[in-house]
Amino acid sequence: MSNNSKELSVFSAYVADLLEEKADQYNQPEFIPHDPISIPHRFTRKQDIEIMGFWAAILAWGQRKTIINKCLELSQLMDNAPHDFVLNHQESDLKQFLNFKHRTFNATDTLYFLHFFQDYYRQHDSLEYAFSSHLKKGDVTVENGLIGFHDLFSDSENFPARTRKHIATPLRKSSCKRLNMFLRWMVRKDDKGVDFGIWNEIKPAQLVCPCDVHVDRVARLLGLIKRPVTDWQTAMELTASLRSLSPTDPARYDFALFGLGIEGFATPAILPVRK
């Protein structure tokens with residue numbers, strides 16, 4: 001074996017061990033209170049978890065404390081019973097949402113989300129169908145589910161053009177980090193108590209790792225990503241690298257990459273950066 005091959009072998013082993021260690025460290029209940037996933041953890045009813053989990057994921061940009069506070073505000077506006085509210089609210093109940101805003105997400109977006117939820121949950125028991133019904137036999141990832149959900153979400157004469165930017169799709173080359181994070185919450189199953197694992201039609205093996213700024217930076221340092229830009233293909237490249245470590249649960253390492261990013265991880269100088 002050449003010196004270069006030996007160096008890459010050592011580095012690959014280092015990466016695998018590091019990701020395993022950090023995934024175990026951060027995939028713990030202590031992770032919950034300071035993360036947007038704490039919002040759906042306030043509920044026990046499946047539909048409430050779905051609705052508030054979806055909203056928490058979509059609003060997840062900026063400081064985590066602010067994200068959590070805005071989601072709590074939304075929950076309070078729905079009387080802390082989101083499923084009951086979206087099914088049964090009247091027109092007069094919507095006035096209180098006119099002042100809701102988080103960054104570029106405003107009242108127009110909020111009202112359409114409520115419209116979508118009401119229309120959808122009057123026909124379906126779970127939000128999973130909105131994604132899983134678009135998957136095809138043999139799909140390795142949730143790509144078709146994300147594309148289909150985007151089209152379903154926007155398929156209304158009341159759909160505001162401005163709201164499209166809040167629901168990503170691979171067809172626009174987005175990394176879909178927020179939707180992938182939401183799917184991780186709903187789909188992944190383990191005994192750690194962080195992710196919910198309440199959906200069954202989508203398999204953990206099909207999940208795509210959310211590619212946020214922390215994950216992206218650390219993944220590049222570890223040689224898990226080579227693509228120079230961050231888009232859907234980058235998320236797929238990262239997930240393929242992680243699938244080589246865990247074919248049935250690649251998104252598990254989202255905990256590790258995100259945690260390392262928060263820690264300010266830098267590649268040790270004694271090991272080569274994989275090219």
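The magnitude of the dipole of the range 165-252, with charges of +1 and -1 set on the Cβ of Lys/Arg and Asp/Glu and taken from the Cα centre, is near 280 debye. The 3J(HN,Hα) values that the Karplus relation (6.51, -1.76, 1.60; θ = phi - 60°) gives for the range 146-160 are, in residue order, 5, 5, x, 5, 4, 5, 5, 4, 9, 8, 8, 5, 8, 5, x Hz. Gly and Pro appear as x.
The aspartates and glutamates within cross-link reach of LYS65, meaning a Cα-to-Cα straight distance under 13 Å and a gap of 8 or more places when in the same chain, are ASP35, GLU73. Fewest-first ordering of VAL218, VAL208, VAL140 by other beta carbons within 10 Å of each residue's beta carbon gives VAL140, VAL218, VAL208.
Helix 177-187 and the longest principal axis of the C-alpha atoms of the chain enclose an angle of approximately 90°. A Förster distance of 35 Å, applied to the separation of the beta-carbon atoms of PHE100 and VAL140, puts the FRET efficiency at 0.40.
Scalar couplings 3J(HN,Hα) for the range 84-94, obtained by applying the Karplus form with A = 6.51, B = -1.76, C = 1.60 to θ = phi - 60°, are 4, 5, 5, 6, 10, 5, 9, 4, 5, 6, 8 Hz; x denotes Gly and Pro. Basic side chains Lys and Arg get +1 at the Cβ, acidic Asp and Glu get -1 at the Cβ, and with that the dipole of the range 42-149 about its Cα centre reaches some 400 debye.
A crude spin-label estimate for the pair ASP79 and GLU263, with each label 7 Å from Cα along the Cβ direction, gives 4.6 nm. Listed by chain and number, the lysines whose C-alpha is less than 16 Å from the C-alpha of LYS136, apart from same-chain residues fewer than 8 away, are LYS203. Dipole orientation for the range 43-138: of the candidates GLN63, GLN118, VAL86, GLN63 has the Cα lying most toward the positive pole (charges on Cβ; Lys, Arg +1; Asp, Glu -1). The gain in end-to-end length when the GLN25 to HIS89 segment is fully stretched comes to 18.8 nm, 0.36 nm per residue minus the alpha carbon separation.
Among the listed pairs LYS177/LYS226; LYS137/LYS226; LYS22/LYS189; LYS95/LYS173, which are separated by more than 24 Å between their Cα atoms? Too far apart for the 24 Å limit: LYS137/LYS226; LYS95/LYS173. This model, with +1 at the C-beta of Lys and Arg and -1 at the C-beta of Asp and Glu, gives the chain a dipole about its Cα centre of some 900 debye. Toward the positive end of the charge dipole of the range 100-258, with +1 on the Cβ of Lys and Arg and -1 on the Cβ of Asp and Glu, the farthest Cα among LEU221, LEU238, PHE182 is that of LEU221.
Return the whole-Å distance between the Cα centroid of the range 225-244 and the Cα centroid of the range 23-98. Comparing the Cα centres of the range 225-244 and the range 23-98, I get a distance of 29 Å. Per-residue Karplus couplings for the range 73-79, computed as 6.51 cos²θ - 1.76 cosθ + 1.60 with θ equal to phi - 60°, are listed in order as 4, 4, 4, 5, 5, 9, 6 Hz, Gly and Pro entered as x.
Relative contact order for the chain using alpha-carbon pairs under 8 Å, separation at least 6, rounded to a whole percent?
Once normalised by length, the contact order is 21 percent.
Each reported figure results from applying straightforward, stated rules to the coordinates on display, with no laboratory input. Values in this document were obtained by computation on a predicted structure and should not be read as measured data. All Cβ positions, glycine included, derive from the backbone under ideal geometry; neighbour counts span all protein chains shown.
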